[in-house]
C-alpha cells in the first residue's frame, strides 16, 4: 500500500501476475503468484543464486502489493515457495548457476502442481463431513467450501445456511450463493450475520474456509468468523476449517490487535480479517490430511525445516 | 510358492474372518494376536518375494478383515503398522545399498522407490518385527502397569467402569505400594464391572461396586478416573464401551482427571468425521440383556437398543498412558504419524 | 412430628376461630397439617430432616398465625404449664389440651420411619428434656410454638445422628491380619453413607432392650414405614398418598386418652368426637385433592403444552407424573418417546422402565428403550428431556432418582432442554450440595451370583455394594421446572416457599 514507482521490471511482473490471475479464473491468486515466481526464475539472467533469490523476493513484494483480498494467502504461499525452491540447494554438488536454476525451477513446478491439486484434495476430504439430512452453517464464502459442497454425492440431501457476510466484491456473494443453489441436493437459506446465534441451536456443524492458518492452529479469516466460532463452541457444535496447505503462515498472533495491520484492514479502512484461536476449532481439513489444531505447528515445522 | 503353506495361511485367515463376522470375540487383544499369527505364517512361507508382494498381501488382508467386522479396527491397525515398518525397512536397506541416493523431501521419497526390488534381509527384518509386535501385545498390560506408581497415591479414590485387563493390572500394581480405594461402575447391561470388583476385592483392594446411575452422585468424592478403551481415534477421541461417555462428562463437571490406559495396537488412524459416528462404526448386540423374552407382546412396539460402543470427544480426556509412555490427547496426531504409513500425497 | 403439628393446628384452629366456618378453619389447618404430614413422611423415609424442619416451620407459621386467635386459650396453657414437668405428656397442656397425643404421635411418627429405630429412645428423652425448660415460659402461643419447634428440631437432630452403620460390622470383624491396613479397611466411600438409615426388620425396631415399645403407635405407620424402607412403596406421590391414608386411618381410630376428653379441648363450638373426626377427614381430603390431584392436573396441562408435534422426548425411570404428561400429550399430538432405564431387567427383579413401557405401550407412537449406558448413542435425536423429581431443594438442586443428574448432564452437553415436573408440595428447605446428605439406601443390588460363591470370607469386607437411590442434580443443568403454580427456573424454589409462607401467615 506504500506508494512506489514501479520500474519496468516491476511492471512486467505486475502484468504477468494479472495475466495469470485472468487465466486462472477460479483458482486462488496464490497460484497465479507462484506461476509468476516460476516465470521469474526462468527468465532470470543473473549469475549467482543470491541474485536469483533477491529477485524472487522482490517479485514477491510486488505481487503482494497489488494483490487485493487474498493478500494473506499469496504471502504465505510465496514464502513457502521460496522455502521449497531453495531447500535442497545445498545438496547440489555442482556450483553451476544453470543447474541451480533448473533445480529451483523443478522444485517450484512440483510445488505449483501440489498447490493446484490441493483444493480438490481438501474438497474431497471435506465432503464426507456432511451426512444425509445435515444442517450446516457456512460462513465467509470460501471457494474451498464451495468445492467441498459440490463434491457431496447427489443422494445426500442437506440444508445449508449461508451468511451474508461483509462483501469484498460486489458480486462475490451472489456468485457463491448462486453456485451453491445450483446443486440439487442442497437446500439453501440465506441469513444475516446477526441471525447466527438464533440459528445455531438447530445446526449440526459449521464449515468455514481460511485466508491463512497461523502457527498455533488458529485461523485468520473474514471478520465474523470469530463470532461464529464462539457461538458454535458454546452450543457444542463442531467447527471445521477447510484450507489448503499453502495457506499455512508463520504469523503467530496473540490476539486481534496482534494481527499485522496490512492484513487486517480492507477497503475504506474497515476491518476485514479476524483471528480465531485454535480452541474454537474442532478440526482442520487440509491437503496434508486431517489435522487437529495442535498438529498444524508440527506440519509447519516440517515444511520449513 | 509352497501351496501347503499358502493353504494354511488362507485357512487361518478364513477362520479369523468367520470369527469376526459371527462376533465370537470379546477382546481386541485376542483378535490382534490371531492376526499376527496369520501374518507370521505368511511371512515365513515362500509366498512372497519382494516387499511389493508383501505389502499388497497385507493390504488385501486388512481389507478383508475390515469388511468382516467394521467396528473392529485392531487387526487393521496392526497390519497398517506392519506396512509402515516394511516400507521403512525396505527404504533403509535400499539406501544402505545405494548410498549415493540423494535424500529427498519426505513428501516425494516414497513415490520414487520401487518396492519390487528383492532384498533378502527384508525377510528376517520383517520376522523380527513380528516377534517384537507379538511380545509387545502380550506384555502391554504389564508395561502400562509400570506407570501405576506415578499416578495413584495413598488415600485416593479411583473410579473405573466395566472390566479392562489393563486397568486391572494397573490397579493391582498400584496397590502394592499404596492403599487406596476403587469404585467400580457395573456397566450395565453386560455388567462386566462385577468381574472386576470381585477380582480387586480378592486382591484385598477396598472396592465399592455401584450401579451406573450412581456415577454422578459418587463423582464428587472421586480423585481420579481410570478407564480402558476399545480404541483411540485419530483426533484423540475414544471409542469405548457404552457408558464411558457418562463417566467422562461427570468427571469433567467435577474437574476430575480422566486417565485412559491403552496399548499401542488400539490406536486407530480413523477420524470420526460424521457427527453420527455412532451409527457408522458402532455395534449393536442383542437386547436380551435389557428385556425379557417372556414379556414379548408388551414390548413388541418398542425398539430396544443395546449399543456396545460410545464415542468420547477428546476434550474430556486428560491423559493417555500407552505402553510407550504418557501423552496428552492433542499429541495423538504425532504418534499416528510415527506409527502408520502416511496418506498418499 | 407432622402429627404433632396436625393436632396443634387442629386444636388451635378449632379453638381460635370462633364463628368461622369450621370447615374453613379445618381447611387451613388441614393444609398445614397435610403439608407437614407429607413432608414428614417424605422425610421419614428419606432422611427425616427435611420434613421436620419444614414441618416445624409450617407449624411455626401456623402457630404464629393462629396465635392471635388462640389468645383466649392463654389461660389454659398456664395452668397446665406447671403440670408439664410432672406429667409424662407435658406437651399436652402447652397449647391445647391435646398435647399429649402429639408426643405420642411424635413417637409414632418417628417409629414409623424405618431407620430411626435406634435413635428413638434418645429422641424421646430429648423431647421430654427439651420440653421441660421450655415449660417455664408462660407465654402461651409463642411458648407452644417454640416448644414444638424445639421438640421437632430436636427430633431432627436426633434422627440425623449417624447411626452405627450396619455395614460397618463386617469390616470390624476383620481383625488380626495385623497390618495397619485393617484400620483403613473401613471404606472411605462407605462412610459417606453412614448417616443414612438402612432398611430394618420390625423386630429390630422394637424390643425391651431398645426401650421402644410398639404400643401407642398406630400399626398403619409401622406398616407404612416398613413398606417404604423395604422398597415396596416407591415414588414420592405414592408415598404421600399412602401417608395421608394412614393419617386418615389414624384420625379415625384415635380416641383421646381417658383422662382427657375431647370436651376438654377448648373449642368454641362443642363438637362431638365424630364431628371433629369428620372435619379432620374432610381436611385431609381437601388437602390431598388440592396439593396432589389438582397439582398433577395443572402440571400436566402446562407440560403438555411444551411438547410439540414430532418431538422426540426422553424420559427416565417411572415417574407417575411424567407418565401422565406423556399420555395426555399423546392424545393431542404425535411424537416419539425414548425411555432410559437404570438397571435393566436381567440384573434386577423389577425394572422401572419396563413399567412405563407397559403403560405407554399403546398410547404413544414410537418408543425406544435403552439402558443408561446407551444414552450417548440416542441423545442426538432428542429434542426434550422430561424428568420427575422427589424434591426440589432450596439451592435449586433437584433431588430425584439416581441417574437423573447424568441424564441432565448429557442433555446439557448436547444443548437439549431439560424439564423437571414437580409439585410445590415437594419443595424443600434444605440445600445439600452433593448427593450424600439426603439419600436412601436401598436393597437389591449386590455382586452377581456367579462371583459371590468365589468370594473368600476374608475378602468379603473389601467389597461393598451400596445401592444409592437418589441424587442431586445441580440447578445449572435444568432448563425449567414445571410446578402447579407456574413454570419456573430451578433457582426460584426459595421464592415459592417464601410466597407460600407469607400467604399462610396472612390467611
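The values are calculated or read from the model by the stated rules, or taken from the named source; none is laboratory data. Remember, predicted model here, so these are calculated numbers, not experimental data. A quick note on method: Cβ atoms are made from the backbone with ideal geometry, for glycine too, and the neighbour counts reach across all protein chains shown.
Being under 14 Å from residue C:312 (Cβ atoms) and part of a helix (DSSP H, G or I) is the filter here; which residues of the range C:367-381 pass it?
Let us first name the residues in the range C:367-381 that are under 14 Å from residue C:312 (Cβ atoms), namely C:367-370, C:375, C:377-381.
Across the range C:367-381, the qualifying residues are C:375, C:377, C:378, C:379, C:380, C:381.
For every residue, the table says whether it meets (1) outside any helix (DSSP H, G or I); (2) within 11 Å of chain B (Cβ to nearest Cβ).
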{"residue": "A:61", "(1), (2)": "no, no"}
{"residue": "A:65", "(1), (2)": "no, no"}
{"residue": "A:68", "(1), (2)": "yes, no"}
{"residue": "A:81", "(1), (2)": "no, no"}
{"residue": "A:86", "(1), (2)": "no, no"}
{"residue": "A:116", "(1), (2)": "no, no"}
{"residue": "A:121", "(1), (2)": "no, yes"}
{"residue": "A:161", "(1), (2)": "yes, no"}
Just wondering, is there one or more residues in the range A:176-190 that are within 24 Å of the chain's Cα centre (by Cα), assigned to a helix (DSSP H, G or I) and closer than 22 Å to residue A:30 by Cβ? yes
Can you name the condition, by its number, that residue B:282 falls short on among (1) farther than 23 Å from residue B:166 by Cα; (2) at the interface with another protein chain (Cβ under 9 Å from one of its Cβ atoms); (3) modelled with pLDDT under 80? (1)
In the range C:389-405, anything within 14 Å of chain B (Cβ to nearest Cβ) and under 13 Å from residue C:235 (Cβ atoms) is listed as C:390, C:400, C:401
Going residue by residue through the range A:90-100, is there one that turns out to be touching a helix residue (DSSP H, G or I) at 6+ places or on another chain (Cβ under 7 Å) and either closer than 22 Å to residue A:158 by Cα or free of Cβ contacts under 8 Å to residues at least 12 places away in the same chain (or both)? yes
Test residue C:349 against the criterion of being at pLDDT below 90, buried (at least 24 other Cβ atoms within 10 Å of the Cβ) and closer than 22 Å to residue B:162 by Cα, and give yes or no. no
Return yes or no: is residue A:201 over 30 Å from residue C:381 (Cα atoms) and assigned to a helix (DSSP H, G or I)? no
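Each row is one residue, and each column tells you yes or no for (1) under 24 Å from residue B:240 (Cβ atoms); (2) in a strand (DSSP E or B); (3) facing chain B (nearest Cβ under 7 Å); (4) modelled with pLDDT of 80 or more.
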| position | (1), (2), (3), (4) |
| --- | --- |
| C:327 | no, no, no, yes |
| C:340 | yes, yes, no, yes |
| C:343 | yes, no, yes, no |
| C:355 | no, no, no, no |
Filter result (assigned to a helix (DSSP H, G or I) and either free of Cβ contacts under 8 Å to residues at least 60 places away in the same chain or closer than 14 Å to residue B:193 by Cβ (or both)) within the range B:225-248: B:244, B:246, B:247
Please pick out the residue among A:72, A:112 that is touching a residue at least 60 places away in the same chain (Cβ under 8 Å), touching a strand residue (DSSP E or B) at 6+ places or on another chain (Cβ under 9 Å) and either within 23 Å of residue A:244 (Cα to Cα) or not assigned by TED's automatic domain parsing to the domain that holds residue A:31 (or both). A:72
Would you be able to tell me the number of residues in the range A:219-236 that are touching a residue at least 40 places away in the same chain (Cβ under 8 Å) and more than 22 Å from residue A:147 (Cα to Cα)? 4
When residue A:263 is evaluated against the numbered criteria (1) in contact with a strand residue (DSSP E or B) (Cβ under 6 Å, 6 or more places away or on another chain); (2) modelled with pLDDT of 90 or more; (3) within 30 Å of residue A:113 (Cα to Cα), which criterion, by number, is the only one it fails? (2)
Counted residues in the range A:132-148 being without any contact (Cβ under 8 Å) to a residue 40 or more places away in the chain and closer than 20 Å to residue A:286 by Cα come to 2
Residue list for the range C:304-316, filter: over 16 Å from residue C:416 (Cβ atoms) and in a helix (DSSP H, G or I): C:304, C:305
Which one is nearest to residue C:316 (Cα to Cα) among residues in the range C:407-426 that are modelled with pLDDT of 90 or more and away from chain A (no Cβ under 14 Å)? C:407
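Can you tell me which of B:313, B:263, B:341, B:307 is within 14 Å of chain A (Cβ to nearest Cβ), modelled with pLDDT of 85 or more and either in contact with a helix residue (DSSP H, G or I) (Cβ under 9 Å, 6 or more places away or on another chain) or at positive phi (or both)? Quick ask: steps written out before the conclusion?
Numbers: B:263 fails: within 14 Å of chain A (Cβ to nearest Cβ); B:341 fails: modelled with pLDDT of 85 or more; B:307 fails: within 14 Å of chain A (Cβ to nearest Cβ).
Matching residue, one of B:313, B:263, B:341, B:307: B:313.
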If you go through the range B:214-233, how many residues are facing another protein chain (nearest Cβ under 7 Å) and either within 16 Å of residue B:310 (Cα to Cα) or in contact with a strand residue (DSSP E or B) (Cβ under 7 Å, 6 or more places away or on another chain) (or both)? 5
Note on residue A:229: of the conditions (1) under 28 Å from residue B:269 (Cα atoms); (2) surrounded by fewer than 21 Cβ atoms within 10 Å (Cβ to Cβ); (3) more than 14 Å from chain B (Cβ to nearest Cβ); (4) more than 16 Å from the chain's Cα centre (by Cα), unmet is (2)
Number of positions in the range A:37-66 that are buried (at least 20 other Cβ atoms within 10 Å of the Cβ) and more than 17 Å from residue A:106 (Cβ to Cβ): 4
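If I ask for residues that are outside any loop (DSSP other than H, G, I, E, B) and more than 19 Å from residue B:262 (Cα to Cα), which ones from the range B:159-181 would you list?
Keep residues of the range B:159-181 that are outside any loop (DSSP other than H, G, I, E, B), which gives B:159-161, B:165-175, B:181.
B:175, B:181, listed by residue number.
If the requirement is being over 26 Å from residue B:313 (Cβ atoms), free of Cβ contacts under 8 Å to residues at least 60 places away in the same chain and at the interface with chain C (Cβ under 7 Å from one of its Cβ atoms), which of these qualifies: B:205, B:183, B:210? Even if it seems obvious, please write down each step before you answer.
On the way: B:183 fails: over 26 Å from residue B:313 (Cβ atoms); B:210 fails: over 26 Å from residue B:313 (Cβ atoms).
None of the other options fit; the residue is B:205.
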State whether one or more residues within the range B:65-86 are buried (at least 20 other Cβ atoms within 10 Å of the Cβ), modelled with pLDDT of 80 or more and under 14 Å from residue B:123 (Cβ atoms). yes
